[in-house]
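A.B. asks: Sharing a structure with you now.
Readers should treat all values here as calculations from the given coordinates under stated rules, not as data from a laboratory. On a predicted model such as this, the values are computed, not experimentally measured, just so you know. Methodologically, a virtual Cβ is constructed for each residue, glycine included, from the backbone with ideal geometry; neighbour enumeration extends over all protein chains shown.
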């Protein structure tokens, strides 16, 4: 005899594991951070290298771009996530106060929301009444149905900032590293190759989150790096010719 009690739970777990936690600010910040680090610093170091400045200038500019960009990305992520979290928390507190002051009105509102989602009126009323029996459960239901907010997934500003800082620094270090071990055109060539490989890898990781084709995401990321690095190289070459 099969165990009918465990099979559905196992199937449900398998289905749930297919979903990604796209609401996590840290994961989002890390993905965008490494992409931005690659694009910005390959543009910077190739543009300066094309102007035929000394390797020490390229290294200095690359390090400045790495640190400046990492701090800027981290600060931006922290401020945006902090503001978003505070907005959500304020809306949740407003909803908590309304449930406390007007529970019957909030019950009717919740029942109407369930009806709008397709439940029969009598089922919507019973479900709303059940949810309103517990204050915490009622608050979860209202913020989820009215505001589209999950109280357990508001995101961490500090996690997003740290992930963004580290990821940007890693991405920016890839095109810069060859200039510490080689010089001139050889260092620039290695930087281009490393950036190309990293861009393909980042595009592949992005496809895991988006569900798009790995090849499409990888080639798109590579194209962005090629265009950015190529544009600054042309500018650097023009500056060199004008001297």
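A.B. asks: Using only the Cα atoms, work out Rg/Rh for the chain, with Rh taken as the Kirkwood radius, to two decimals.
C.D. replies: 1.19
A.B. asks: Can I ask one more? Which of the three applies to region 48-131, rounded, prolate or oblate, going by the alpha-carbon gyration tensor with a ≥ b ≥ c and a/c under 1.5 meaning rounded?
C.D. replies: Cα axes put region 48-131 in the prolate bin.
A.B. asks: Please order 232, 237 by the number of other Cβ within 10 Å, starting at the fewest.
C.D. replies: Fewest-to-most Cβ neighbours within 10 Å comes out as 237, 232.
A.B. asks: Additional query: What is the calculated FRET efficiency for residue 227 to residue 190, with r their C-beta to C-beta distance and R₀ = 25 Å, to the nearest 0.05?
C.D. replies: Efficiency, from the Cβ-Cβ distance: 0.80.
A.B. asks: Using 7 Å Cα-to-Cβ label points, what is the residue 201/residue 119 separation (nm, one decimal)?
C.D. replies: 4.9
A.B. asks: If we count other beta carbons within 10 Å of each Cβ, what is the order of 100, 122, fewest first?
C.D. replies: 122, 100
A.B. asks: If you stretched the chain out fully between residue 213 and residue 238, how much longer would it get, using 0.36 nm times the residue separation minus the C-alpha to C-alpha distance?
C.D. replies: 5.2 nm
A.B. asks: Report, in degrees rounded to the nearest 10, the 0 to 90 angle that the Cα long axis of helix 157-176 makes with the longest principal axis of the chain.
C.D. replies: Once rounded, the angle reads 20 degrees.
A.B. asks: For every helix of n ≥ 4 consecutive DSSP H residues, a contribution of -39,500 (n - 2.57) applies; sum these over the chain, divide by its total residues, and give [θ] at 222 nm rounded to the nearest 500 deg cm²/dmol.
C.D. replies: So the calculated ellipticity at 222 nm is -27500 deg cm²/dmol.
A.B. asks: Tell me, 234, 143, 190 in order of fewest to most beta-carbon neighbours within 10 Å?
C.D. replies: 234, 190, 143
A.B. asks: While we're on this one: Determine the distance separating the Cα centre of region 63-86 from the Cα centre of region 120-141; give it in Å without decimals.
C.D. replies: Spelled out, the Cα-based centre of one part sits 40 Å from the other.
A.B. asks: Now for a separate question. Report the convex hull volume per residue for region 100-243, counting only C-alpha atoms, in Å³.
C.D. replies: Cα-based convex hull of region 100-243, divided per residue, equals 200 Å³.
A.B. asks: Checking the a/c ratio against 1.5 first, then a/b against b/c, what shape does the Cα gyration tensor give for region 176-243?
C.D. replies: oblate
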